[in-house]
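Below: the structure, in structure tokens.
The values are calculated or read from the model by the stated rules, or taken from the named source; none is laboratory data. Because the structure is predicted, anything quoted here is derived from the model rather than measured. For neighbour counting, all protein chains shown are included, and Cβ atoms are generated from backbone atoms with ideal geometry for every residue, glycine included. SASA here: full protein model, heavy atoms, side chains in, ligands and nucleic acids out. Shrake-Rupley method; radii C 1.70, N 1.55, O 1.52, S 1.80 Å.
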Amino acid sequence: MKPTPASSFSAPSLTARELATQPDCWLRAVDAAAGATGLPLPGERVAVTGCGTSWFMAQSYAALREAAGQGETDAFPASGFPAARPYDRVVAITRSGTTTEVLQLLEGLRVPTLAVTADGKTPVMEAAGDVAVLDWADEESVVQTRFATTALAFLRAGLPEGAAAVAAAAEAGGRAVSAPLPEAAPAAEQWTFLGGGWTYGLAQEAALKMREAAGAWTEAYPAMEYRHGPVAIAGPGRVVWAFGALPDGLAAEVARTGATLVDGGGDPMAELIRAQRLAVAIAEARGLNPDAPRNLTRSVVLPH
């Protein structure tokens with residue numbers, strides 16, 4: 001597929017318009033979670049799964065749930081799920097409801113399952129025991145932004161004090177929709193995103209958005225692991241973007257390399273909105289259509 005020249009975009013891209021609606025979607029997710037069935041119960045041993053972006057949201061939720069003392073919680077890509085392990089419940093995130101690996105996994109499980117999807121007319125409705133349909137957060141763009149974070153907001157809202165945390169994130173997200181992008185970020189040649197605990201999944205998602213929409217050279221690491229090798233690529237003209245607090249001393253190490261450190265200091269979900277906006281801006285500057293990345297489709301459906 002040939003890139004669509006940026007000059008041909010007569011209006012903001014679908015991706016740009018959709019990502020701007022995330023704060024409102026998160027607030028709707030709080031209401032949806034309040035009456036939802038199938039959410040993990042306290043003390044249950046839970047696994048969360050998905051593919052691509054959905055897997056990263058699964059990682060963030062798993063870390064949040066376990067940190068909240070709700071029970072052991074693991075996250076796996078659907079293609080690498082250890083089906084022989086004993087779990088009390090499995091949660092699957094799938095925007096399309098048609099992803100082959102997710103459907104095959106759900107159909108083979110013999111434990112309670114919850115699917116979080118954007119489309120209530122897809123095979124996942126039969127494959128999962130309970131389904132949360134967040135169709136108001138669905139997207140036209142191939143690139144996921146608002147559905148993924150809304151799925152995370154929905155699951156997070158089901159945790160103790162999670163509803164208040166999501167509401168605070170939505171407030172911060174409202175500001176992130178129009179806040180200036182980090183000055184050095186659009187012109188950089190390389191970007192590394194760092195996170196810790198539940199924000200590592202967000203860092204991975206930020207890097208994926210840059211690769212998908214802009215074809216950019218990006219990487220993501222747990223912040224504590226960054227100095228164990230990856231810091232070697234830091235240097236002038238490159239950006240290190242932190243989701244959440246950095247480990248002691250790491251900011252100084254990044255500064256010594258000459259790289260630019262972006263430490264938003266705000267809510268990590270709101271920071272993800274800024275990273276998504278950066279991906280769109282770089283894509284359009286490069287003459288790429290952020291709504292239709294090269295080699296990607298809305299859902300991966302494998303031949304039988």
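Find the residue count for the range 124-137, including only residues that are surrounded by 19 or more Cβ atoms within 10 Å (Cβ to Cβ) and either part of a loop (DSSP other than H, G, I, E, B) or among the charged types (D, E, K, R) (or both). Quick ask: steps written out before the conclusion?
The first filter runs over the range 124-137 and keeps only residues surrounded by 19 or more Cβ atoms within 10 Å (Cβ to Cβ), leaving 124, 127-128, 131-134, 137.
Among the residues that remain, those that are also either part of a loop (DSSP other than H, G, I, E, B) or among the charged types (D, E, K, R) (or both) are: 128, 134.
Residues flagged as surrounded by 19 or more Cβ atoms within 10 Å (Cβ to Cβ) and either part of a loop (DSSP other than H, G, I, E, B) or among the charged types (D, E, K, R) (or both) within the range 124-137 amount to 2.
Tell me whether the range 150-164 contains one or more residues that are in contact with a Cys (Cβ under 8 Å, 6 or more places away or on another chain), part of a helix (DSSP H, G or I) and either open to solvent by 50 Å² or more (accessible area, probe 1.4 Å) or in contact (Cβ under 8 Å) with a residue 60 or more places away in the chain (or both).
In the first step, residues of the range 150-164 are kept if they are in contact with a Cys (Cβ under 8 Å, 6 or more places away or on another chain); the result is 150, 153.
Add one more test, that the residue is part of a helix (DSSP H, G or I), and what stays is 150, 153.
Pick out the ones that are also either open to solvent by 50 Å² or more (accessible area, probe 1.4 Å) or in contact (Cβ under 8 Å) with a residue 60 or more places away in the chain (or both) and you get 150, 153.
Yes - at least one qualifying residue is present in the range 150-164.
Select from the range 7-38 the residues that are over 19 Å from the mean Cα position of the chain (by Cα) and open to solvent by less than 30 Å² (accessible area, probe 1.4 Å) and list them in ascending order.
S13, G38
Quick grid of which residues meet (1) closer than 15 Å to L202 by Cβ; (2) among the β-branched types (V, I, T):
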| site | (1), (2) |
| --- | --- |
| P77 | no, no |
| S96 | no, no |
| V142 | no, yes |
| T149 | yes, yes |
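Look at the range 224-251 and say how many of its residues are open to solvent by 10 Å² or more (accessible area, probe 1.4 Å) and part of a helix (DSSP H, G or I).
7
Quick one: what pairs do we get from the range 179-203, first residue touching a residue at least 40 places away in the same chain (Cβ under 8 Å), second open to solvent by 40 Å² or more (accessible area, probe 1.4 Å) and among the basic types (K, R), C-beta under 9 Å, 6+ apart or different chains?
A179/R277; L181/R277; A188/R238; E189/R238; Q190/R238; W191/R238; T192/R238
Could you go through the range 199-215 and let me know if any residue there is assigned to a loop (DSSP other than H, G, I, E, B), modelled with pLDDT under 95, open to solvent by 10 Å² or more (accessible area, probe 1.4 Å) and of a type outside the set (D, E, K, R). Explain how you work it out, then say what you get.
Taking the range 199-215 and keeping what is assigned to a loop (DSSP other than H, G, I, E, B), we get 215.
Those left that are additionally modelled with pLDDT under 95: 215.
Applying the additional criterion that residues be open to solvent by 10 Å² or more (accessible area, probe 1.4 Å) yields 215.
Now drop any that are not of a type outside the set (D, E, K, R), which leaves 215.
Scanning the range 199-215 turns up at least one residue that is assigned to a loop (DSSP other than H, G, I, E, B), modelled with pLDDT under 95, open to solvent by 10 Å² or more (accessible area, probe 1.4 Å) and of a type outside the set (D, E, K, R).
With respect to L41, determine if the residue is surrounded by fewer than 21 Cβ atoms within 10 Å (Cβ to Cβ) and either touching a strand residue (DSSP E or B) at 6+ places or on another chain (Cβ under 9 Å) or at pLDDT 95 or above (or both).
Values: surrounded by fewer than 21 Cβ atoms within 10 Å (Cβ to Cβ): yes; either touching a strand residue (DSSP E or B) at 6+ places or on another chain (Cβ under 9 Å) or at pLDDT 95 or above (or both): yes.
Taking the combined requirement at face value, the residue satisfies it.
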